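Only one structure is covered here, and it is reproduced in the block below.
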Amino acid sequence: MNQDGDAQGGASKAIQTREPEKVVVEDPLPDYPRYRIEPGDRVSLAAIDPDETEHYQKKKHVGRELEKQRRRIQDLQERLYAENEQGMLIVLQAMDTGGKDGTIKHVFGGINPQGCRVSSFKVPSAEEANHDFLWRYHKSAPAKGRIGIFNRSHYEDVLVVRVKNLVPEDIWRERYELINDFEHGLTANSITVLKFFLHISKDEQKKRLQSRLDDPDKRWKFSSNDIKERAFWDAYQQAYEDALGNCSTEHAPWYIVPANKKWYRNLVVARTIADTLEAMDPRYPPAEEGLEKVEIPD
């Protein structure tokens, strides 16, 4: 197949996996599709309950199901790595204390590190700042056969820069389209893009910040800058609403995951990833011909 054919095939498959619950049949069907933002939808975070947990009541009620989804991810990631024809990018965004690190720890425990890489993005270095804003993210995008996880991402360049007035509005608004093009390019290269906004309440953030202060073993996670950032809560909520609404596309959907209950957050993310990987249908490559005749010498 030529390069154009590969691109069209990759984009087509990515669109098919956008609604994996319709490909991966379960009984009952999973409930996470209602957290997916449809292209063109206006987003109101205030209308979404961060305490939502479906029919689950306690952490112990999801333990077995979460482990099932983790094992599915492990198996499918192994097939994805062996096949080496498609990949996945997972984007995690949240307010401070939203649970990005915890999600990675509890969803991807047991994953073969050869086929998975986590990239975290801080303030751009001098070299990064001298390139276009997507340069450092493109460098970290996963190759075929791999799962890449962005702990914070290219969306910081339409979030913090907007809230802190680091660039003019006409620049950050133009970036929505550039981000969509970037993600479309990944899907055209057979990299499925999944994006999760871990939605917590302002009260829950306060509790989590306080718990870090109260626990000497967790104080290393606390920064006085967390208090300064908290003062921008409303501005960040508006920035997230616009980013999610403008950049949830047919090829790269956003999910708003209720995240006040960490155990439910982990289940929704794991279930969505597992179903999407299964819809991608990675397969082990064929074995070398004639292996049935091979005898291992003494």
- Query: Does the stretch 25-34 contain at least one residue that is at pLDDT below 95, part of a loop (DSSP other than H, G, I, E, B) and within 15 Å of the chain's Cα centre (by Cα)?
  - Reply: no
- Item | the stretch 127-136: number of residues that are loosely packed, with under 15 Cβ neighbours inside 10 Å and modelled with pLDDT under 90 | 1
- Six or more apart or on different chains, Cβ under 7 Å: which pairs go from a residue in the stretch 64-88 that's closer than 21 Å to P253 by Cα to one that's of a type in the set (K, R)? Could you list them? Q69/R271; Q86/K144; G87/K144; G87/R146
- Query: Given the residues T187, T192, which is the only one that is among the hydroxyl-bearing types (S, T, Y) and in a strand (DSSP E or B)?
  - Reply: T192
- Message: Could you tell me how many of the residues in the stretch 177-228 are under 20 Å from V257 (Cα atoms), among the polar types (S, T, N, Q) and either out of contact with any strand residue (DSSP E or B) (no Cβ under 9 Å at 6 or more places or on another chain) or without any contact (Cβ under 8 Å) to a residue 24 or more places away in the chain (or both)?
- Response: 2
- Tell me which residues, restricted to the stretch 180-203, are on the phi < 0 side of the Ramachandran plot and in contact with a Gly (Cβ under 9 Å, 6 or more places away or on another chain). L186, T187, A188, N189, I191, T192, F197, L198, H199, I200
- Message: Filter the stretch 74-120 down to the residues that are in a helix (DSSP H, G or I), among the aliphatic types (A, V, I, L, M) and either surrounded by 23 or more Cβ atoms within 10 Å (Cβ to Cβ) or more than 14 Å from the chain's Cα centre (by Cα) (or both) and list them by number.
- Response: L76, L80, A82, V107
- Note on the structure: The residue from V167, V158 that alone is within 15 Å of V123 (Cα to Cα), in contact (Cβ under 8 Å) with a residue 60 or more places away in the chain and in contact with a helix residue (DSSP H, G or I) (Cβ under 6 Å, 6 or more places away or on another chain) is V158
- Which condition breaks for Q210 when tested against (1) under 25 Å from the mean Cα position of the chain (by Cα); (2) under 23 Å from G98 (Cβ atoms)? (1)
- Query: So F133 clears everything in (1) aromatic (F, W, Y); (2) touching a Phe, Trp or Tyr at 6+ places or on another chain (Cβ under 9 Å); (3) more than 30 Å from A279 (Cα to Cα) except one condition, right? Which one?
  - Reply: (2)
- Message: Please determine whether any residue of the stretch 142-154 is crowded, with 17+ Cβ neighbours inside 10 Å, in contact with a Leu (Cβ under 8 Å, 6 or more places away or on another chain), aliphatic (A, V, I, L, M) and over 30 Å from Q210 (Cα atoms).
- Response: yes
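Any residue that is at pLDDT below 75 and surrounded by fewer than 12 Cβ atoms within 10 Å (Cβ to Cβ) - is there at least one of those in the stretch 39-46?
No: zero hits.
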- Query: Filtering the stretch 51-62 down to residues that are outside any loop (DSSP other than H, G, I, E, B) and free of Cβ contacts under 8 Å to residues at least 60 places away in the same chain, which residue is surrounded by the fewest Cβ atoms within 10 Å (Cβ to Cβ)?
  - Reply: K60
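The values are calculated or read from the model by the stated rules, or taken from the named source; none is laboratory data. This one's a predicted model, so the numbers in the text were calculated from it and none came from an experiment. Ideal geometry is used to build each Cβ from the backbone, glycine not excepted, and the neighbour counts take in all protein chains shown.
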